[in-house]
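Presented below is the structure to which this report refers.
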Amino acid sequence: MDIRLVQGDITEQHVDVVVNAANSSLLGGGGVDGAIHRRGGPAILAQCRELRGSRLPDGLPAGQAVATTAGDLPAGWVVHTVGPVHSTREDRSAVLASAYRESLRVAEELGATTVAFPAVSAGVYGWPIDDAARIALETVRAHDAHSVQEVRFVLFNQAAYDAFAARL
Ligand code: ADP
């Protein structure tokens, strides 16, 4: 399995799975979540609402992942995951690692070959980018790949790209 880094916008990636750094409500937010719903169109939100009405009445807990259509995105599916909010009082690294691991598990269930990740929790949720990059790369490296051949980290700015490049 290859790990690639690109600086850019995850909504423009031609991949099987785009991972969304969602919030537990699954009903939309800012950052990468806002961009995915804007570019992907209403079909994604419609499936998120369906999930809230069926399997996930209380929303998606941090560290878990669930798939929907990718709507109008040039991707096969969106896998929504929820990263932890960064805390200085409590070590939530295991939850962040779980978000990557569970996203990959769902991607494998879908038979995905290519998976694009943003830097989960490194935006509004406040995770320091160097540590976010360490956890992301360690967790993805440890993944026992079946269908997945490429994991692409799509970093939105130079600082995030540099942090990942330093760890790769
Ligand atoms: P979280 O709430 O998990 O912190 P955010 O969406 O606020 O999620 O931020 C996660 C990361 O995604 C940040 O590094 C942010 O810069 C980045 N990001 C925001 N928009 C995009 C985009 N369109 N493509 C890729 N990454 C993005």
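The values are calculated or read from the model by the stated rules, or taken from the named source; none is laboratory data. Predicted model, so just to flag it, every value in this text is computed and none were measured. Neighbour counts are summed over all protein chains in view; Cβ atoms, including those assigned to glycine, are modelled from backbone coordinates with ideal geometry. These area figures cover heavy atoms from the full protein model, side chains too; ligands, DNA and RNA do not enter into them. Shrake-Rupley method; radii C 1.70, N 1.55, O 1.52, S 1.80 Å.
For Arg167 and Glu150, the difference between the fully extended length at 0.36 nm per residue and the C-alpha to C-alpha distance is 4.4 nm. Evaluating 6.51 cos²θ - 1.76 cosθ + 1.60 at θ = phi - 60° for every residue in region 119-132, the Karplus couplings come out as 7, 4, 6, 8, x, 4, 7, x, 6, x, 5, 4, 6, 4 Hz, glycine and proline recorded as x. Once the Cα-Cα distance is subtracted from the 0.36 nm per residue extended length, the Ser25 to Gln158 segment shows a gain of 44.9 nm. Here the Karplus relation 6.51 cos²θ - 1.76 cosθ + 1.60, evaluated at θ = phi - 60°, turns the backbone of region 140-149 into coupling constants of 5, 4, 7, 5, 8, 6, 10, 7, 6, 10 Hz, with x for every Gly and Pro. Net charge of the neighbourhood of Arg4, taken over other residues with C-beta under 12 Å away and scored Lys/Arg +1, Asp/Glu -1, is -1.
Over all distinct alpha-carbon pairs, what is the Kirkwood Rh of the chain in angstrom? Each step should come with its number before you reach the end.
Values: mean 1/r = 0.0646 Å⁻¹.
Hydrodynamic radius (Kirkwood, Cα pairs) of the chain is 15.5 Å.
Largest first, the three principal axis extents of the alpha carbons in region 120-168 are 32, 18, 16 Å in whole numbers.
Put simply, region 1-70 fits an ellipsoid with semi-axes of 22, 14, 11 Å; these come from the alpha carbon gyration tensor as the roots of five times its eigenvalues, largest first.
Helical runs assigned H by DSSP (4 residues or longer) give the chain a calculated mean residue ellipticity at 222 nm of -12000 deg cm²/dmol, each run adding -39500 (n - 2.57) before division by the residue total. Fully extending the segment from Arg134 to Val85 would add 16.0 nm, taking 0.36 nm per residue of separation and subtracting the current Cα-Cα distance.
Qualifying GluC sites (Glu not before Pro) in region 1-102, where qualification requires a DSSP coil assignment and no more than 11 other C-beta atoms within 10 Å, comprise Glu90. For region 106-114, putting each phi into the Karplus relation 6.51 cos²θ - 1.76 cosθ + 1.60 with θ = phi - 60° gives couplings of 5, 4, 5, 4, 7, x, 5, 9, 10 Hz, in residue order, rounded to whole numbers and with x for Gly and Pro. Modelled this way, with points 7 Å down the Cα-to-C-beta line, the labels at Val124 and Ile3 are 2.8 nm from one another.
The local environment of Ala43, defined by Cβ-Cβ distances under 14 Å, has a net charge of +1 under the rule Lys, Arg +1 and Asp, Glu -1.
Protein heavy-atom accessible surface, 1.4 Å probe, per residue over the chain: 46 Å². The dipole here belongs to region 2-167: it is taken about the Cα centre, uses +1 on the Cβ of Lys and Arg and -1 on the Cβ of Asp and Glu, and is about 240 debye.
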